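The values are calculated or read from the model by the stated rules, or taken from the named source; none is laboratory data. Source: prediction; values computed, not measured. Cβ coordinates were reconstructed from backbone atoms using ideal geometry, including for glycine residues, and neighbour counts include every protein chain displayed.
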Amino acid sequence: MLMRLYVALAPTATIGTDHIDLNYCRNRGIEVNNAPGCNAPAVAQYLFASLAQVIKRPIEDYTIGIVGVGHVGRIVEDWARQLGMRVLVCDPPRAEVECTNNFVSLDEIASECDIITFHTPLTKDGKYPTYHICDASFIASLKQHPIVVNCARGAIFDTQAVIEALDKGVISDVIVDCWEGEPNLDSILLEKAIIATPHIAGYSREGKIRATEMVLEALARHFNLTIPSVAEGIPMGAAKSVTIQSIKDSYNPLIDTQALKSFPQQFESLRNNYNYRDEVK
């Protein structure tokens with residue numbers, strides 16, 4: 001009898017696996033590989049380039065709260081400190097493991113920060129779910145009328161609660177790259193968001209090359225092949241030294257905002273045909 005052995009692998013050149021049926025793959029012995037951290041510098045670039053367009057005081061006058069301090073959050077924390085900001089970080093899973101005083105609670109973020117940015121995965125189960133982490137209850141605890149940023153996952157925002165907070169002035173502005181229910185956007189949130197983009201915060205040329213390299217490495221390891229080299233060498237990490245001007249010069253999110261607000265029905269086209277930008281040098 002002739003037997004064939006299939007070794008299955010499902011690589012994705014993205015950080016997320018939301019688009020993959022992980023249970024299906026697990027039950028059928030399909031190994032899934034993603035590219036964590038590949039676009040983290042680009043997301044940090046997006047955040048600070050957006051803030052550079054909307055803040056009304058010198059950036060060092062702001063207290064920033066970072067919720068989720070993984071691949072992206074670590075870069076955001078580093079750059080924020082370089083820029084002279086007061087920085088508070090909230091990451092309950094890391095705080096539980098590391099047992100340090102470096103982390104604060106979500107209540108402290110809500111109380112003290114005038115910029116709050118989310119960089120968490122989207123989870124509905126477990127000890128620290130992030131689904132609708134920015135909900136009516138969290139918003140009710142805000143004290144500084146902050147700018148709130150979602151360039152993580154759409155459903156960490158409770159969209160209606162955020163809209164009501166904007167109407168009441170509890171939140172001063174929102175910067176939104178990830179949308180609940182995308183590609184079908186809430187038209188009211190789209191109108192009210194000061195920066196509104198089609199889920200492209202991580203869309204850098206360098207990030208896509210990093211992701212491609214990581215996929216090639218996963219394929220080579222899985223099939224015991226020689227790891228191929230990518231012709232275009234790129235820095236593996238984020239820029240070591242930044243200024244708010246260097247970040248602002250590297251990317252203007254107002255162009256992408258104008259495109260999305262003008263043609264919201266073209267969300268997927270704007271995203272799929274995005275001209276990958278260069279990261280901060």
Among the helices (runs of 4 or more DSSP H) contained in region 182-253, which hold 2 or more residues that are surrounded by 18 or more Cβ atoms within 10 Å (Cβ to Cβ), β-branched (Val, Ile, Thr) and modelled with pLDDT under 80? none
For Pro146, indicate whether it is within 21 Å of Tyr46 (Cβ to Cβ) and touching a Cys at 6+ places or on another chain (Cβ under 8 Å). yes
Determine which member of the set Ile116, Ile109 is within 21 Å of Thr159 (Cβ to Cβ), part of a helix (DSSP H, G or I) and of a type in the set (Val, Ile, Thr). Ile109
If we keep only residues of region 149-164 that are crowded, with 23+ Cβ neighbours inside 10 Å and among the aliphatic types (A, V, I, L, M), then the residue nearest to Pro41 (Cα to Cα) is Ala152
In region 74-102, anything crowded, with 24+ Cβ neighbours inside 10 Å and farther than 16 Å from Val242 by Cα is listed as Cys90
Failed item in (1) free of Cβ contacts under 8 Å to residues at least 40 places away in the same chain; (2) more than 18 Å from the chain's Cα centre (by Cα), with Val215 passing the rest: (1)
From (1) touching a helix residue (DSSP H, G or I) at 6+ places or on another chain (Cβ under 6 Å); (2) at pLDDT 95 or above, pick out the condition that doesn't hold for His71. (2)
Which of (1) in contact (Cβ under 8 Å) with a residue 24 or more places away in the chain; (2) under 20 Å from Val54 (Cβ atoms) does Phe138 not meet, given it meets every other one? (2)
Single unsatisfied condition, Val32 versus (1) in a strand (DSSP E or B); (2) modelled with pLDDT of 95 or more: (2)
Quick one: how many residues across region 121-155 are touching a strand residue (DSSP E or B) at 6+ places or on another chain (Cβ under 6 Å) and either in a loop (DSSP other than H, G, I, E, B) or over 26 Å from Leu185 (Cα atoms) (or both)? 2
